[in-house]
Amino acid sequence: MDGTRVVADDRVHLIGYGPSASTIGANRAGRSAVREIRRLLDPVSTPVGMPR
């Protein structure tokens with residue numbers, strides 16, 4: 001695991017497991033996963049570290 005992303009497969013994100021199991025943790029993990037997934041889907045228009 002790297003954040004919510006499964007290292008062996010960048011397409012898989014696990015939200016709600018481990019540290020993100022609480023409501024607050026899941027919300028934070030969900031936002032983080034969305035940003036990373038957007039970067040994966042559109043790497044040209046979203047510079048790393050910049051929120052969308």
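Pick out the one residue from Pro19, Pro51, Pro47, Pro43 that is modelled with pLDDT under 75, in a helix (DSSP H, G or I) and out of contact with any Cys (no Cβ under 7 Å at 6 or more places or on another chain). Exactly one residue qualifies, and that residue is Pro19. On the given criteria, is Val7 loosely packed, with under 13 Cβ neighbours inside 10 Å, out of contact with any Gly (no Cβ under 6 Å at 6 or more places or on another chain) and at pLDDT 70 or above? Yes: the conditions hold for Val7.
The values are calculated or read from the model by the stated rules, or taken from the named source; none is laboratory data. Computed from a prediction, not measured in an experiment: that's the story for all the values here. Here Cβ is always computed from backbone atoms with ideal geometry, including for glycine, and neighbour counts include all displayed protein chains.
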